[in-house]
Amino acid sequence: WRSFCLTMSSEIGVAPRINAGMLSLFAGNRVCVVGKVVNQEGSQAQIQCSDNGTVTVSMTPGQHYRSQFVEVVGIASADGSTQVREERSCELGDNFDLSNYEQLVQFANGKFKPLFSA
């Protein structure tokens, strides 16, 4: 699954890795969130991100997450809410350490931001 996720990301361009608390800072822009699927209903899913905040994902038509953890690349709602319109997603399986991922998010948006920017 790892090479698939990397390939997908390169097809749609750069997306900063963020958590739910950072989402409003990227309103209207492409973002990447990783989290645990806590609910799916119709074309919407709630994802618990690495900071324990929840993001609502408007999934692409016909999408249904089959794993407990997913990576979603999409457009953050322009109104600053906690919604993301999915462009692509990648299932990460049922065993993923969100606390380690949160450390990556903090590095990618803090002290080591130049290493993660295009």
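The values are calculated or read from the model by the stated rules, or taken from the named source; none is laboratory data. Note that this is a predicted model, so its numbers are computed, not measured. Neighbour counts run over all protein chains shown; Cβ positions are idealised from the backbone, glycine included. Accessible surface areas use protein heavy atoms only, side chains included; no ligands, DNA or RNA. Shrake-Rupley method; radii C 1.70, N 1.55, O 1.52, S 1.80 Å.
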Compute the distance from the alpha-carbon center of segment 94-118 to that of segment 45-61, in whole Å. 17
Tell me which of ALA76, ALA108, HIS64 sits at the most positive position along the dipole axis of segment 55-118, charges placed on C-beta atoms (Lys, Arg +1; Asp, Glu -1). ALA108
Counting only protein chains, not ligands or nucleic acids, how are ARG66, ARG85, ARG17 ordered by accessible area (probe 1.4 Å), most first? ARG66, ARG85, ARG17
Just by accessible area at a 1.4 angstrom probe, what is the order of ASP51, ASP97 from largest to smallest? ASP97, ASP51
Give me P(r) over segment 25-67, computed from all C-alpha to C-alpha distances, binned every 5 Å, as integer percentages. 5, 21, 30, 26, 14, 3
P(r), alpha carbons of the chain - 10 Å bins starting at zero, rounded %: 14, 50, 32, 3
